[in-house]
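Worksheet: the structure to be examined is printed underneath.
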Amino acid sequence: MQRRRFKKRIPLEEFLADQARRLREEAELLPHGPVRDEALRKVRQAEAGSHMSEWLNSPGLQTPK
């Protein structure tokens with residue numbers, strides 16, 4: 001069985017940053033409560049993932065020798 005392959009249209013960092021921005025806009029429209037808290041949690045996760053991916057792909061990161 002072959003794996004399905006797909007091409008990335010945009011880099012992961014850009015995708016996560018865009019998702020965080022969109023989720024933050026949606027969360028601002030929600031009333032205070034557990035639904036809004038969950039949306040803001042997802043925003044923080046997307047932002048953290050974007051920053052981690054940028055860090056891992058940075059040129060300053062060296063492989064162990």
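Find, among the trypsin sites (Lys or Arg not before Pro) in the stretch 1-59, those assigned to loop by DSSP (not H, G, I, E, B) with at most 16 other beta-carbon atoms within 10 angstrom. Sites meeting the loop and neighbour criteria: Arg3, Arg4, Arg5, Lys7, Lys8, Arg9.
Expressed as a whole percent, the accessible surface of the chain that belongs to carbon and sulfur atoms is 57, based on a 1.4 Å probe. Using a probe of 1.4 angstrom and keeping all protein chains present, the accessible surface of the chain works out to 96 square angstrom per residue.
Each of (1) 50, 37, 19; (2) 31, 31, 25; (3) 32, 22, 18 is a candidate for Cα extents along the principal axes in Å; the one calculated from this structure is (1). Computed over the chain, the per-residue total of -39500 (n - 2.57) for DSSP H runs of n ≥ 4 gives a 222 nm mean residue ellipticity of -22000 deg cm²/dmol, rounded to 500. Positive end of the dipole of the chain (Cβ unit charges, origin at the Cα centre): among Leu56, Ala27, Ala39, the Cα lying farthest that way belongs to Leu56.
The values are calculated or read from the model by the stated rules, or taken from the named source; none is laboratory data. Everything numeric in this text was worked out from a predicted model, so none of it was measured. No Cβ is skipped: glycine too gets one built from the backbone with ideal geometry, and neighbour counts run over all protein chains shown. All accessible areas refer to the heavy atoms of the entire protein, side chains included, with ligands and DNA or RNA removed. Shrake-Rupley method; radii C 1.70, N 1.55, O 1.52, S 1.80 Å.
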